[in-house]
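The values are calculated or read from the model by the stated rules, or taken from the named source; none is laboratory data. A quick note: this is a predicted structure, and the numbers were derived from the prediction, not measured. Positions of Cβ are generated from backbone atoms using ideal geometry, with glycine treated the same way; all protein chains shown enter the neighbour counts. Heavy atoms of the whole protein, side chains included, go into the accessibility calculation; ligands, DNA and RNA do not. Shrake-Rupley method; radii C 1.70, N 1.55, O 1.52, S 1.80 Å.
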Amino acid sequence: MPEKPYDHQAIELKWLERWKDATFYKAEEDPSKPKFYVLEMLPYPSGTLHIGHIRNYSIGDALARYKWMRGFNVLHPMGWDAFGLPAENAAIANKRPPREWTLQNIAAMKKTHRRFGFSYDWDREVSTCEPQYYRWNQWFFLKMLERGLAYRKKALVNWCPKCATVLANEQVVDGCCSRHDETPVDQRALEQWFLKITAYADQLLTDMQQLEGGWPERVLTMQRNWIGRSEGAEIDFMLAETGEHIRVFTTRVDTIFGATCVILAPEHPLNETLLDAAGKARAKAMVDARAGRDPGDIEKEGFFSGHYALNPYSNERVPIWIGNFVLMGYGTGAIMAVPAHDERDFEFCRKYGIPIRPVISPVDGPLAVEPGMKEAFTEDGILENSGPWSGLPGDEARRRMSAYAREHGFGDAAITYRIKDWGISRQRYWGTPIPVIHCAQCGVVPVPENQLPVILPDQVEITGTGRSPLENVPEFVNVACPRCGGTARRETDTMDTFIDSSWYFYRYCDPRNDRMPFDPAKIAYWFEIDQYIGGVEHAILHLIYSRFFTKMMRDIGLVKNSEPARRLFTQGMVIAEGAKMSKSKGNVVGADMLAEKYGTDTARMFVLFAAPPEKEVDWRWEGANGIHYFLGRVYRFATRNAGRTDMPAEGASDRKVLRKLHQTVRKITEDFETRWHFNTCIASIMELVNILYAEEENIGSATMAEVLEKLALLLAPFAPYISQDIWDELGDEGPVFRHCWPSFDPELAKEDLAEIVVQVNGKLRSRIQVPFGTPEEELKAGALADEKIQAATGGKKVVKLIVVPDKLVNIVVK
């Protein structure tokens, strides 16, 4: 056949048109086949896809296509995380309703997804802003409310006095409102809804054993730290003047004789009685200064309250301080400061001249002396100057001292968690309405299930000021109480959008169910997710919340699994020309532009080839040019050799080509099954193509036919359009990725010769080639006879030869 030029636009648009109504990505439950559920995290519909998105989707798509070719029943769905603050900001800026803006973006992004040929079952598409979806957010909320897992309490929120509205943490920049950076943000206490994720804290920790080996250890470590299980004791100091208890949590009760002050969080309830007006103002300023900031990043500051507490073990009076680094949300909101044995306390007390008293000595050394201490001694040791517990090792002292507190009624051993209950209230419009009604007679009343969904009203004015825009919609707010029939008000807060993404992958399995969130029988077939793919930035919130939701759904009888995903893969970021992509830098590499300029196969191949998928990729235009050139070489070779019958008889070139072909199949198969080094997979295809070019005129007809067919199959997971077109040129029928993955012959894949590295005193000096299985004595003789080795060892005495069969000879000389 005549050679054809590689016209990526013509090829891709031809197959895009032919595939537009195809159903070969459609998934159905089929117990006769092994299933494989592969999923990339659903995107927020911001409007356009860039090369970072393409990398994420290309990884999942390659895996889905490979699994189809291996005979699996594959579920590969896509949807939209469609609620959220950006839509409200766009509504303010563009005077367009959030729904209109969101749906337009979804349409644009879906068009790009289709253009890239990603193998999604679009019949299962979900959008979290649709009532058919968020109805079940509300249903789950009511189920948690019934079980005591949803509750309401006052909590601090970021408040912009100029906007007169609540701000998300993302809207607070350096303590000021992001909309006008001269306005400091306050913290105010408002009634908020919470989900009791702490009820599952131990399960979230212990069930990580199920994830070891399937999830990155980095992610598991981040989750363990976020959950933050701490074993210690809760101890009651007493206010010296009144005897009122001040409960502290400590992991080191063995150091309590070294406590030289008690420090309260600036928002601690006791401050209402301890502090005068000036002190309360200082405490409030501390709270406001923390708004939107990581407490670990702020300078530690504090002031003396003017009051004292009594240490229950020693009866010593210690001063009570207020410290900006102590949080009400962690522990009890009060700590005992032991500066000699805690780095944070040491820093604070040294700054303010508070005494430092060592009470723990090293196991093999003397007790530190306070004037000479340059840092805290934080290790376990032997107690000193600690009353009846002096001389005990730390672990034994902690057990005895906790028991003593319990026996005398001022404390006990305790476990605390860093993770806190999930605050889900948002004073926003574009989110799931919380399905409760406030009645003056009946209190908080759940919306009856048969009245779900509570529909988010359209045509709501969004100004960015005031509380929730829903408060200004009387037809939404004013409602009859479902219990007494009296006048009542609907809740106007909406749910955190992490609710939407905590269970969406279950809805994919049964997206049109209008009787329940999903059919448990379908979940039993598809779950757990076999491979989940997304960025490591989701390690904490999304992935912990989704694990919590799965356990909650298990406990209400919807699912049997305790974890949502068996395996997790976190892909690396894509940067452009050495810099992080951003609109302000003008270096965002858009997906649509790439499809036009290079073709989608080139874009997909580049992001898979440029680095292992877990590593960062630097987008380089010359790299894209190189991939496009390579695909052109493949296409030209395939089209001019398809169906050729004028080939020579089989000979040495056939053996060489077949060996490389079978080695390539083996390499790519092993990579898909183990480490996912798609970059080396593509490199091995390039090596195969180089050999095909070199041996082209000497390859027999049967070998050429086999190699072209298998080349199309090998390319199918990475470059679906060109592989399909080559498949078509070869006269084969049907979608290429629905054909069986090529097999390899282990004997054919073996090299004829082993390459032996020859070292002199551990340094590479030469390489020799010998038949596999060459005896050690022959390897030694061959290495010593090599010209380069003779030059390197001339005049020296050989004292030892180290042989690794089929790999290495190391000659030790002196």
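Go through region 415-430 residue by residue and turn each phi into a ³J(HN,Hα) via Karplus (6.51, -1.76, 1.60, θ = phi - 60°); whole Hz please, and just put x for glycine and proline.
Here the 3J(HN,Hα) series is 10, 10, 10, 5, 5, 10, 4, 7, x, 10, 6, 10, 8, 10, 8, 7 Hz.
From the alpha carbon gyration tensor of region 753-813, can you work out the equivalent ellipsoid semi-axes (sqrt of 5 times each eigenvalue) and give them in Å, largest to smallest? Mind dumping the intermediate values first?
Numbers: eigenvalues 65, 24, 19 Å².
The three semi-axes for region 753-813 are 18, 11, 10 Å.
Once each part is reduced to its C-alpha centroid, what is the distance from region 1-24 to region 355-425 in angstrom?
Centre-to-centre distance over Cα atoms comes out at 71 Å.
Between Arg317 and Glu272, with labels modelled 7 Å along Cα→Cβ, what's the label distance in nm to one decimal, could you check?
Modelled inter-label distance: 2.7 nm.
Rank Arg428, Arg229, Arg507, Arg179 by accessible area, highest first, at a 1.4 Å probe radius?
These residues rank, largest area first, as Arg179, Arg229, Arg428, Arg507.
Set the Förster radius R0 to 25 Å, insert the Cβ-Cβ distance between Val173 and Ala285 as r into 1/(1 + (r/R0)^6), and round the FRET efficiency to 0.05.
0.85
Just grab the label-to-label distance for Ile556 and Leu205, each label 7 Å out from Cα along the Cβ direction, in nm (one decimal).
For the pair Ile556/Leu205, the computed spacing is 2.7 nm.
Subtracting the Cα-Cα distance from 0.36 nm times the residue separation, let me have the gained length for Glu3 to Glu787 in nm, one decimal. List each step's numbers first, then the result.
Numbers: separation 784, 0.36 × 784 = 282.24 nm, distance 4.63 nm.
Using 0.36 nm per residue and subtracting the Cα-Cα distance, I get 277.6 nm.
Could you go through region 719-735 in sequence order and give the Karplus-derived ³J(HN,Hα) for each residue, using 6.51 cos²θ - 1.76 cosθ + 1.60 with θ = phi - 60°, rounded to whole Hz, and x for Gly and Pro?
Using θ = phi - 60°, the values come out as 9, x, 6, 5, 5, 5, 5, 5, 4, 5, 4, 6, x, 7, 10, x, x Hz.
Hey, got a sec? Which trypsin sites (Lys or Arg not before Pro) in region 531-586 land in a DSSP loop and have at most 14 other Cβ atoms within 10 Å?
Here the sparse-neighbourhood loop sites are Lys560, Lys583, Lys585.
Can you list the aspartates and glutamates whose alpha carbon sits under 16 Å from that of Lys95, skipping same-chain ones fewer than 8 residues off?
Once the sequence-local aspartates and glutamates are set aside, what remains near Lys95 is Asp458, Glu461.
At Glu697 and Arg489, where each label point lies 7 Å from the Cα along Cα→Cβ, what is the point-to-point distance in nanometres?
Each label point lies 7 Å from its Cα, and together they span 8.9 nm.
Over 28 Å between Cα atoms, which of Lys4/Lys110; Lys154/Lys284; Lys597/Lys656 qualify?
Pairs exceeding the cut-off: Lys4/Lys110; Lys597/Lys656.
Below 19 Å, Cα to Cα, which lysines can Lys153 reach? Residues fewer than 8 away in the same chain don't count.
Cross-link targets: Lys143, Lys196, Lys420.
Amide H to amide H under 5 Å from Met373: which residues, 5+ apart in sequence or cross-chain, H placed 1.01 Å off N in plane?
none
Find how much the distance from Arg567 to Arg738 grows on full extension, using 0.36 nm per residue of separation minus their present alpha carbon separation; answer in nm with one decimal.
59.1 nm
Which ³J(HN,Hα) values in Hz, rounded to whole numbers, follow from the phi angles of region 625-632 under the Karplus curve 6.51 cos²θ - 1.76 cosθ + 1.60, where θ = phi - 60° and Gly and Pro get x?
4, x, 5, 4, 5, 4, 4, x
Taking a probe of 1.4 Å, how large is the accessible area per residue of region 157-243, in Å²?
Ligands and nucleic acids excluded, the result is 46 Å² per residue.
Ratio to report: Rg/Rh of region 230-416, with Cα atoms as the point set and Rh obtained by the Kirkwood method; give two decimals.
0.96
Subtract the Cα-Cα distance of Asp395 and Arg512 from 0.36 nm times their separation in residues, and report this length gain in nm to one decimal.
So the chain would gain 36.4 nm between Asp395 and Arg512.
Could you tell me which label, among (i) 35.9; (ii) 40.4; (iii) 46.4, carries the value of mean projected area of the Cα convex hull in nm² calculated for this structure?
(iii)
Give me, ordered by chain and number, the residues 5 or more places off Leu167 or on other chains with an amide H under 5 Å from its own placed amide H.
Those lying under 5 Å, H to H, from Leu167 are Asn158, Trp159, Cys160.
In Å, what Rg and Dmax follow from the Cα atoms of region 587-749?
Calculated on Cα positions, Rg and Dmax stand at 16.0, 54 Å.
What is the pair-distance distribution P(r) of region 270-369, computed from all Cα-Cα distances in 5 Å bins starting at 0, with each bin given as a whole percent?
Bins of 5 Å from zero give 2, 10, 19, 23, 20, 12, 7, 4, 2, 1, 0 percent of pairs.
Beyond 17 Å, how much of the Cα-Cα pair distribution for region 672-726 remains, as a whole percent?
Values: 643 of 1485 pairs.
So the pairs more than 17 Å apart make up 43 percent of the total in region 672-726.
What residues of region 462-493 lie in the reach of a label at Glu100, counting those whose backbone N is under 14 Å from a point 7 Å from the Cα along Cα→Cβ?
The answer is 462.
log₁₀ I(q)/I(0) of region 733-777 at q = 0.27, 0.28, 0.30 Å⁻¹, via Debye over equal Cα point scatterers, no solvent, to two decimals?
-1.01, -1.03, -1.06
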